[in-house]
Amino acid sequence: MQPFGHTLTDTDIRALFNSAHGWEARYKELIKLARQLPPLADADKTAANAIHGCESQAWLVSELVREQDGTERWQFHCDSDARIVKGLMAVVLAALNNKSAADIHAFDIEAYFAELQLLPHLSPSRGNGLRAVVEAIKESCKS
């Protein structure tokens, strides 16, 4: 399950946001990312998949994939009824999707957000919602 139809990594997001000068350009990139993220099926938009802590409606579906060589990686699909939240989810997915649980827990998400210069431009509730998405992902892949 590649949420974008191809692999999009945190390195890709860093390059994208480093070339976007100013908050308005970053905001436009978030909206573009939101458009690329396919919607969840209505059947997956359940209370069990709801992300709590977001002021918008948001959902997370996770799946553990076991490769033939025994390695495990987590795949996530997120959706929201708010475009900016969906764009922020795309940024998180680029960093954490298709990784092992250990890699997900070791990833310095706060440094990533700081490098992208996102949090200073988000309302406190959006920032909390963004962290809620990350916490939901980490919670879903606890060993």
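The values are calculated or read from the model by the stated rules, or taken from the named source; none is laboratory data. Keep in mind that what you see is a predicted model, and the values were worked out from it rather than measured. As a convention, Cβ positions derive from the backbone with ideal geometry for all residues, glycine included, and neighbour counts pool all protein chains shown.
Observations, loosely collected:
- Residue list for the range 52-78, restricted to those being among the hydrophobic types (A, V, I, L, M, F, W, C) and out of contact with any Ser or Thr (no Cβ under 8 Å at 6 or more places or on another chain): Val61, Leu64, Val65, Cys78
- For the range 94-120, the set of residues classified as part of a helix (DSSP H, G or I) and hydroxyl-bearing (Ser, Thr, Tyr) consists of Tyr112 only.
- Yes/no for Lys86 being over 13 Å from the mean Cα position of the chain (by Cα) and in a helix (DSSP H, G or I): no
- Residue within the range 44-60 that is polar (S, T, N, Q), within 25 Å of Gln117 (Cβ to Cβ), touching a Lys or Arg at 6+ places or on another chain (Cβ under 9 Å) and not in a strand (DSSP E or B) present: yes
- Whichever residue in the range 8-22 is modelled with pLDDT of 90 or more and in contact with a helix residue (DSSP H, G or I) (Cβ under 7 Å, 6 or more places away or on another chain) and, among such residues, is farthest from Glu63 (Cα to Cα): Ala20
- Hits in the range 50-67 (condition: basic (Lys, Arg) and modelled with pLDDT under 90): none
- Filtering the range 97-120 to residues that are aliphatic (A, V, I, L, M), within 23 Å of Ala20 (Cα to Cα) and buried (at least 17 other Cβ atoms within 10 Å of the Cβ) leaves Ile109, Leu116, Leu118.
- Looking across the range 91-131, the residues that are among the small types (Gly, Ala, Ser) and under 19 Å from Leu33 (Cα atoms) come down to Ala94, Ala95, Ala114, Gly127, Gly129.
- Pick from the range 121-143, criterion outside any helix (DSSP H, G or I) and touching a residue at least 40 places away in the same chain (Cβ under 8 Å), ranking: farthest from Asn18 (Cα to Cα): Ser143
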